[in-house]
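Working notes, beginning with the structure itself.
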Amino acid sequence: MGRHFGDLAKIRHIITYSLSPFEQRAFPNYFSKGIPNVWRRVSGSFFKVAPPMALMYLTYTWGNSVFEQGKKKVAADFENDE
């Protein structure tokens, strides 16, 4: 009946392994290794990422405030318009 889907080509010098999805664990070592690894990676890159982000946020808020101040009317310019 032909070859099965996993055996479509025969490639030399390459070894492949497969495991049934029913034999795999979905979240192995999630709490013991996963969460501490995330904490280590975040704390290791925090001082590389946070200062540029803070600078960009301060620049953005400063730019918006200057823009809003520029849109306001000055009352002294319109005193003698009648």
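Coordinate-derived values only; no laboratory data. These numbers were taken from a predicted model, which means no experiment stands behind them.
Run the numbers for Ala54 and His13: contour at 0.36 nm per residue of separation, minus the present Cα-Cα distance, in nm.
Numbers: separation 41, 0.36 × 41 = 14.76 nm, distance 5.17 nm.
Full extension of this stretch gives 9.6 nm more.
Phi angles across region 51-63 convert, under the Karplus curve 6.51 cos²θ - 1.76 cosθ + 1.60 with θ = phi - 60°, into 3J(HN,Hα) values of x, x, 5, 5, 5, 5, 5, 5, 5, 5, 5, 4, x Hz, Gly and Pro given as x.
Give the separation of the Cα centroids, region 37-70 to region 11-28, in Å. What the calculation gives is 42 Å, centre to centre.
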